[in-house]
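Visitor: Dropping a structure here in structure tokens format, bear with me for questions.
Bear in mind these aren't lab numbers, they're just calculated from the coordinates by the rules spelled out. Since this is a predicted model, take the numbers as computed values, not measurements. Cβ placement follows ideal geometry from the backbone for every residue including glycine, while neighbour counts extend to all protein chains displayed.
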Amino acid sequence: MNAKEFFQRNYYLEQRVNSRLRRLSDLRQLAGRVTSSLGREPVSGSADVHKLDGTIAKIVDMEREINEEIDRLVDAKRESMAVIRQVEHPDQQLVLELRYLDFKSWPAIAEEMGLSPRWVQTLHERALAAVENIFSQKA
């Protein structure tokens, strides 16, 4: 795994967490619809109760999966931060943090740092080279 791939895993983990959170929200809305239909039915609603039980079980499973993904994301970001701290130049550290921990766009990074987009790209390339060097020293 090269330096860029090492840092990009944070983005993919975050996207996976966000995707699962959206699915969890959908399941909760579904559970809300099932419970509201239970209140309206004067006749036996055992099928709806079982449907609700299944939906609740799915919600619990999804919450567990999300918590596991969040744990992986926190660990990955912690590892990334430990590597970033080893980069010698603070401006390169900041570029890596803004890009791979805050997931900011290149124009947003340039604006925040008060630099030209081209110079931010140069700093990024240098920072990735520094990280590659850190990785090669550990190997």
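Visitor: Using a simple spin-label model with points 7 Å from Cα along the Cα→Cβ vector, what separation in nm is obtained for residue 125 and residue 111?
Guide: Spacing of the two 7 Å Cα→Cβ label points: 2.5 nm.
Visitor: Still on this structure: For residue 104, what residues show an amide H to amide H distance below 5 Å, using hydrogens built from the backbone and excluding near sequence neighbours?
Guide: 99
Visitor: Now, a different point. Give a residue-ordered list of calculated ³J(HN,Hα) values for segment 124-138 (Karplus: 6.51 cos²θ - 1.76 cosθ + 1.60, θ = phi - 60°; whole Hz; x for Gly, Pro).
Guide: Per residue, the Karplus-derived 3J(HN,Hα) values read 4, 4, 5, 5, 5, 5, 5, 5, 4, 5, 4, 4, 5, 5, 7 Hz.
Visitor: Still on this structure: How far is helix 90-100 tilted off the main Cα axis of the chain, in degrees rounded to 10, range 0 to 90?
Guide: 30 degrees
Visitor: Subtracting the Cα-Cα distance from 0.36 nm times the residue separation, let me have the gained length for residue 67 to residue 132 in nm, one decimal.
Guide: 20.3 nm
Visitor: Rounded to the nearest 500 deg cm²/dmol, what is the calculated helix-only ellipticity per residue at 222 nm for the chain, with -39500 (n - 2.57) per DSSP H run of length n ≥ 4?
Guide: It comes out at -30500 deg cm²/dmol, rounded to the nearest 500.
Visitor: How much length would be gained if the chain were fully extended between residue 57 and residue 79, taking 0.36 nm per residue of separation minus their Cα-Cα distance, in nm to one decimal?
Guide: Gain in length upon complete extension: 4.6 nm.
Visitor: While we're looking at this one, here's another question. For the pair residue 19/residue 139, report the inter-label distance in nm, with labels modelled 7 Å from Cα in the Cβ direction.
Guide: 3.0 nm
Visitor: Under 27 Å Cα to Cα from residue 138, which lysines show up? Leave out anything in the same chain fewer than 8 places away.
Guide: Within the straight-line limit of under 27 Å, residue 138 reaches these lysines: 4, 77.
Visitor: Right, here's the next one. Suppose each label sits 7 Å from its Cα in the direction of the beta carbon; what would the residue 8-residue 28 distance come out to in nanometres?
Guide: For the pair residue 8/residue 28, the computed spacing is 3.3 nm.
Visitor: OK, next. Working from Cα positions, state the angle (0 to 90°, nearest 10) between the long axis of helix 46-86 and the longest principal axis of the chain.
Guide: Helix 46-86 and the main axis of the chain meet at about 10 degrees.
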